[in-house]
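The values are calculated or read from the model by the stated rules, or taken from the named source; none is laboratory data. Source: prediction; values computed, not measured. Don't worry about glycine lacking a Cβ; one is built from the backbone with ideal geometry, like all the others, and counts go over all protein chains shown. For the accessible areas, the whole protein counts, side chains as well, though only heavy atoms, and no ligand, DNA or RNA atoms are used. Shrake-Rupley method; radii C 1.70, N 1.55, O 1.52, S 1.80 Å.
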Amino acid sequence: NLGKIEFYGEKPTGGDLILVSTMELVGTTAVVNEYANDVYYARKSFDKRPDITAIEVLEENDHLASYDGVLYNKDLTRLIRCPEGKTGTLRIPATVEGIEHQAFLNCSAIEAIEVEEGNKAFKTIDGVLYSADEEYIYLCPKNCETLYFTANTVSIRGEYTGMSFLSNVKRFEVH
């Protein structure tokens, strides 16, 4: 246990600095306490922290949850933040309906992406995370060399990733 870290911030609407979240680092896992409840600061708390490879939320927390080391809202319908240091496979539950802006910011070490069967909002094609209607591309794994655009693809959602995943793509193809 490396001690408690407190995050202070000002609400986007202005105001005094307030304690918005606390967590303890246990190895490379951030354990979020039961009091963290602000989605904006829960997400921002993990920016510029490549040393954190997993996020764990205590069950007592009424607002947030974790699944496979990633931060979600309590009912697992919104993916809030993937830790920058996450490696291996990113698994997205079938219940996820939305993704917060910059949820994948600087997550350039993810090797594979899987969306659970039954998810109505997202899917993967050749390991790339798309909206279910294939209109948007959200994230590519680090080993993605070819990015496919389907007839429905409108854009790459850079506001979710910072576009860091494009550095590995060598070829773009339309299908």
Problem - Lone unmet requirement of (1) part of a strand (DSSP E or B); (2) β-branched (Val, Ile, Thr); (3) farther than 22 Å from Tyr130 by Cβ for Ile52 - result: (1)
Exercise for the section: Evaluate the stretch 144-153: report whether one residue or more is modelled with pLDDT of 85 or more, of a type in the set (Phe, Trp, Tyr) and farther than 17 Å from Leu76 by Cβ. Expected result: no
Fill in the blank from the handout: Checked the stretch 124-147 for anything assigned to a strand (DSSP E or B) and in contact with a helix residue (DSSP H, G or I) (Cβ under 7 Å, 6 or more places away or on another chain); matches are Tyr138, Leu139
Exercise for the section: Would you please name the residue that is surrounded by the fewest Cβ atoms within 10 Å (Cβ to Cβ), looking only at residues in the stretch 124-153 that are aliphatic (A, V, I, L, M) and without any contact (Cβ under 8 Å) to a residue 24 or more places away in the chain? Expected result: Ala132
Completion exercise
Filtering the stretch 154-175 for residues that are closer than 17 Å to Cys82 by Cα and either at pLDDT 65 or above or assigned to a loop (DSSP other than H, G, I, E, B) (or both) leaves a count of 4
Fill in the blank from the handout: Within the stretch 56-77, residues being on the phi < 0 side of the Ramachandran plot, assigned to a loop (DSSP other than H, G, I, E, B) and open to solvent by less than 20 Å² (accessible area, probe 1.4 Å) number 1
Problem - Pairs where the first residue, in the stretch 78-94, is in a strand (DSSP E or B) and the second is basic (Lys, Arg), C-beta under 7 Å, 6+ apart - result: Ile80/Arg43; Arg81/Arg43
Completion exercise
Of the residues in the stretch 89-109, those that are open to solvent by less than 40 Å² (accessible area, probe 1.4 Å), at pLDDT 90 or above and touching a strand residue (DSSP E or B) at 6+ places or on another chain (Cβ under 6 Å) number 7
Problem - Candidates Asp16, Asp62 - the one that is modelled with pLDDT under 60 and more than 26 Å from Val128 (Cα to Cα) - result: Asp16
